[in-house]
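Working notes, beginning with the structure itself.
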Amino acid sequence: MTKERLNELLAAMVAATEGLSDVLFIPGRPPQTACFERLRAFESELAEKSVSAKFTEQAAVILMAGSERLPETLRTQGSCDCSHELPSGVRFRVNIYRQSACLALVMRKLPNLIPDLAALALPPVFNDIAKEKNGIVFVTGATGMGKTTTLAAVLNELNKSEEIHIVTLEDPIEYKHTPIKASFSQRELGKDFFSYSIGLRAAL
């Protein structure tokens with residue numbers, strides 16, 4: 001399998017499923033899409049009727065390409081996270097994990113638009129956070145609670161108002177910022193840098 005064929009399959013799955021949130025490739029099961037928390041089998045000439053271990057192994061190699069860290073993390077920890085972008089601009093957060101001696105893939109479709117702080121209905125203090133010049137801010141919470149989206153909205157506010165250089169160190173990159181007033185250097189762990197302490201030097 002080639003990267004082009006994988007992209008073609010993913011694009012077809014996105015186009016065929018309104019409201020798609022996730023794509024799943026689990027050996028022994030058909031390719032599946034998730035929509036409104038319900039799984040649906042995806043049938044197409046582009047896809048195997050039942051996902052094979054060979055397919056997920058090949059797809060994992062394609063998705064991890066360019067990273068020295070991800071294969072080692074997968075080998076030692078049993079799973080790893082990365083991102084993948086289609087030629088159309090559709091982006092996914094990818095979790096590659098081992099189960100029943102095979103690799104499986106879950107791909108979360110990421111929003112293309114970065115929300116404004118006002119649209120998230122966050123407390124007014126977040127507008128003040130965007131104006132801070134020094135210090136450190138922790139955004140914490142469980143998976144799926146909106147940490148990354150909140151941070152993206154804060155950075156978007158800075159992008160609209162400040163002529164500054166913004167460096168992000170991410171694992172993986174989820175939201176891609178288009179410069180308005182600010183200049184962005186978005187760096188992904190394992191592809192663009194290998195240590196958070198070294199990665200921060202770009203901000204100096």
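The values are calculated or read from the model by the stated rules, or taken from the named source; none is laboratory data. If you're wondering where the values come from, they're calculated on a predicted model, not measured in any experiment. For neighbour counting, all protein chains shown are included, and Cβ atoms are generated from backbone atoms with ideal geometry for every residue, glycine included. Surface areas here come from the heavy atoms of the whole protein model, side chains and all, with no ligands, DNA or RNA. Shrake-Rupley method; radii C 1.70, N 1.55, O 1.52, S 1.80 Å.
A few notes on this one:
- Dividing the alpha-carbon radius of gyration of the range 1-49 by the rule-of-thumb value 2.2 N^0.38 Å gives 1.07.
- In this structure, the residue pairs whose Cα-Cα separation is over 19 Å, taken from Lys133/Lys176; Lys109/Lys176; Lys3/Lys54; Lys131/Lys160, are Lys133/Lys176.
- As a length-normalised measure over Cα pairs under 8 Å and 6 or more apart, the relative contact order of the range 135-195 settles at 28 percent.
- Share of Cα-Cα pairs in the range 86-204 lying beyond 24 Å, as whole percent: 33
- Computed over the range 1-123: relative contact order in percent, which uses C-alpha pairs under 8 Å that are six or more apart: 23
- Label corresponding to P(r) over Cα pairs in 10 Å bins from 0, in percent when calculated from the structure given, among (i) 8, 31, 33, 21, 8, 0; (ii) 7, 25, 26, 17, 13, 9, 3, 0; (iii) 9, 37, 38, 15, 1: (i)
- DSSP loop trypsin sites (Lys or Arg not before Pro) with at most 14 other Cβ within 10 Å: longest gap in the chain: 50-130
- GNM remark for the chain: springs join alpha carbons under 10 Å apart, and the peak mean-square fluctuation among Gly78, Gly135, Gly190 falls on Gly135.
- Here the chain carries DSSP beta bridges of which approximately 80% are antiparallel, counting only pairs with both residues inside.
- Acute angle (nearest 10 degrees) that the helix 3-16 long axis makes with the longest principal axis of the chain, alpha-carbon atoms: 80
- Average accessible area per residue (Å²) across the chain - probe 1.4 Å, nucleic acids and ligands excluded: 59
- Cα pair distances of the range 107-149 binned at 10 Å [whole percent]: 20, 51, 26, 3
- Spin-label model, Lys176 to Arg69: label points 7 Å out along the Cα-to-beta-carbon direction sit 2.0 nm apart.
- Principal-axis analysis of the Cα atoms of the chain puts helix 147-161 at an angle of about 50° to the longest axis.
- Length-normalised contact order for the range 52-181 - Cα pairs under 8 Å, 6+ apart - percent: 21
- Distance between the C-alpha centres of the range 75-141 and the range 157-188: 14 Å, rounded to the whole angstrom.
- The chain, accessible surface, carbon-and-sulfur percent (1.4 angstrom probe): 53
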